[in-house]
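Here's the structure, in structure tokens; my notes come after.
The values are calculated or read from the model by the stated rules, or taken from the named source; none is laboratory data. For clarity, every value in this text was computed on a predicted model and none was experimentally measured. Cβ atoms come from the backbone with ideal geometry, glycine included; neighbour counts cover every protein chain shown. Protein only, heavy atoms only, side chains kept; ligands, DNA and RNA dropped before computing areas. Shrake-Rupley method; radii C 1.70, N 1.55, O 1.52, S 1.80 Å.
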Amino acid sequence: MRTVLFFLATWILLSSCDDFTKGKKGGALATGKPGEILMVCTDNLWNSSEVDSLIYALAKEEEPYYPIEYAFKFYHKNVIGFNHLHKKVRNIIILEQQHNAQYSPAKIETIKNKWVKGQTVVEITFKSPEDLLNLIKYDAAKITEIFEESELNRNVQSYQMAKMTPLANKLFGKYKFKLAFPGGAQILSEKDDFMRIDIQDRSREMKLDGGNNYETQRANFILSSVMIWQQDYTNKAQLSKESLLAIQDSTLKIYAPHHKEGAYMATEYDSLVYPMAKVFEFNDLYTVEIKGQYRMNGRDDVFMGGPFVSYSFVNPNTNKLVTIYSIVHGPSESLINYIREHKSIFRTLSLE
């Protein structure tokens, strides 16, 4: 019953991304880096094996990517010294042990916009280490989902506010649907039923150890692209994972070549990162999500790869099978937040 009630409360709290705009007019906005969660608790709790287990469960490995991508990173602030500056952080878990019987099993409360707009706070109160371990077993996945939904909804709102009308109109003219993108998105190529949109300014500064206590920096360029293609829809067999991957490989070979002649983008089928698929409904559309890795084929001297996520559905306006395929490339850097960007872009899909 506790788990059911927690799930219902969470669903109500997360049912609309519009909640992120509510609150006092002119109020401050949440700060902090995407994909980070501040855990507020005593030092003893933070250093306990139970909290280690909780963090590991909440971090959640994003399959099937390699190197491993974890959904969240955690950092700590003691309850003493948790002041107004820390209360502006976007994602917060407040963990408190109380030796009262009423907190067995653990009490979990999710609060949006608790101190600032765009904030998600999860307050966890428990009695004993056993209660915390039970929470990990039964509720950790749902807590992770709370923060995941919050991150995606923040992105969606940001993209929709950008109002990139020319790009949206171009997409609608070609495909009869619209998407919203982060700022700097530009059409890189367009041919037949294929379009590639690159998201610009994706570079990050990286610290490098030059030895003898000397540090230098360099820019690590992040390639972030969305590719869209479509074909006539005839039967539901086209929406199987095998069929969609076959279409993906044939499309990429033609329309996503490397600048070195003979090299082209392809799906990676190694067992370590074999593509995974799930089916869900989005805006009443039967949708297939596929996650995996891509690589370059055709030449031994071209090394490039990274994660992809794709969404395929039948557009009722055109009776076309549409795929929105997104890739990220960024050596030596966590890419989970770029993957979230692409998941968020799909969530802006509008058929009107």
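May I ask you to verify whether Tyr65 is part of a helix (DSSP H, G or I) and at pLDDT 50 or above?
Details: part of a helix (DSSP H, G or I): no; at pLDDT 50 or above: yes.
It is false that Tyr65 is part of a helix (DSSP H, G or I) and at pLDDT 50 or above.
Mind listing whichever residues of the range 269-304 are in contact with a Pro (Cβ under 8 Å, 6 or more places away or on another chain), open to solvent by 40 Å² or more (accessible area, probe 1.4 Å) and under 19 Å from Glu242 (Cβ atoms)?
Tyr269, Tyr274, Met276
Of (1) open to solvent by less than 60 Å² (accessible area, probe 1.4 Å); (2) in a loop (DSSP other than H, G, I, E, B), Leu135 satisfies all except one. Which?
Just one mismatch for Leu135, condition (2).
Please determine, by comparing only the residues of the range 305-352 that are of a type in the set (D, E, K, R) and over 20 Å from Thr234 (Cβ atoms), which one is surrounded by the fewest Cβ atoms within 10 Å (Cβ to Cβ). So that I can check it myself, show each step before the final result.
At the first step, the residues of the range 305-352 found to be of a type in the set (D, E, K, R) are 320, 333, 340-341, 343, 347, 352.
Next, only the ones that are over 20 Å from Thr234 (Cβ atoms) stay: 333, 340-341, 343, 347, 352.
On the way: Glu333: 15, Arg340: 20, Glu341: 24, Lys343: 18, Arg347: 19, Glu352: 7.
Among those residues, the one meeting the criterion is Glu352.
Going by the conditions given, is Leu285 touching a strand residue (DSSP E or B) at 6+ places or on another chain (Cβ under 6 Å) and in contact (Cβ under 8 Å) with a residue 12 or more places away in the chain? If you could, list the steps in order and put the result at the bottom.
Numbers: touching a strand residue (DSSP E or B) at 6+ places or on another chain (Cβ under 6 Å): yes; in contact (Cβ under 8 Å) with a residue 12 or more places away in the chain: yes.
Yes; evaluated as a whole, the condition is true for this residue.
As an exercise: evaluate Val116 against (1) out of contact with any helix residue (DSSP H, G or I) (no Cβ under 9 Å at 6 or more places or on another chain); (2) farther than 24 Å from Tyr338 by Cβ; (3) of a type in the set (Val, Ile, Thr) and give the number of the one condition it does not meet.
Every condition holds for Val116 apart from (1).
Of everything in the range 16-62, what is in a loop (DSSP other than H, G, I, E, B) and either modelled with pLDDT of 90 or more or among the β-branched types (Val, Ile, Thr) (or both)? Give them in sequence order. Explain how you work it out, then say what you get.
Filtering the range 16-62 down to residues in a loop (DSSP other than H, G, I, E, B) leaves 16, 22-28, 30, 32-35, 41-42, 47-48, 60.
The answer is Ala30, Gly32, Lys33, Pro34, Gly35, Cys41, Thr42, Asn47, Ser48, Lys60.
Go through (1) open to solvent by 70 Å² or more (accessible area, probe 1.4 Å); (2) part of a loop (DSSP other than H, G, I, E, B) and name the single condition Glu96 misses.
It fails just one condition, (2).
Within the bounds of the range 66-76, is there any residue that is farther than 19 Å from Ile143 by Cα, crowded, with 16+ Cβ neighbours inside 10 Å and either free of Cβ contacts under 8 Å to residues at least 12 places away in the same chain or out of contact with any His (no Cβ under 6 Å at 6 or more places or on another chain) (or both)? Steps first, answer last, please.
Applying the first criterion (farther than 19 Å from Ile143 by Cα) to the range 66-76 yields 66-68.
Remaining after also requiring crowded, with 16+ Cβ neighbours inside 10 Å: none.
No.
Tell me which residues, restricted to the range 202-253, are charged (D, E, K, R), at pLDDT 95 or above and surrounded by 12 or more Cβ atoms within 10 Å (Cβ to Cβ). Full working, then the answer.
Within the range 202-253, the subset charged (D, E, K, R) is 202, 204-205, 207, 209, 215, 218, 232, 236, 241-242, 249, 253.
The next check asks that each one be at pLDDT 95 or above; those that pass are 232, 236, 241-242, 249, 253.
Within the range 202-253, Lys241, Asp249, Lys253 qualify.
Within the range 155-182, which residues are farther than 21 Å from Trp229 by Cβ, open to solvent by 50 Å² or more (accessible area, probe 1.4 Å) and in contact with a Ser or Thr (Cβ under 9 Å, 6 or more places away or on another chain)?
Residues satisfying the conditions are Ser158, Gln160.
For the range 99-111, name all the residues that are closer than 19 Å to Leu58 by Cα and either part of a helix (DSSP H, G or I) or touching a strand residue (DSSP E or B) at 6+ places or on another chain (Cβ under 6 Å) (or both).
Step one: list which residues in the range 99-111 are closer than 19 Å to Leu58 by Cα, which gives 105-111.
Ala106, Lys107, Ile108, Glu109, Thr110, Ile111 - these are the residues of the range 99-111 that are closer than 19 Å to Leu58 by Cα and either part of a helix (DSSP H, G or I) or touching a strand residue (DSSP E or B) at 6+ places or on another chain (Cβ under 6 Å) (or both).
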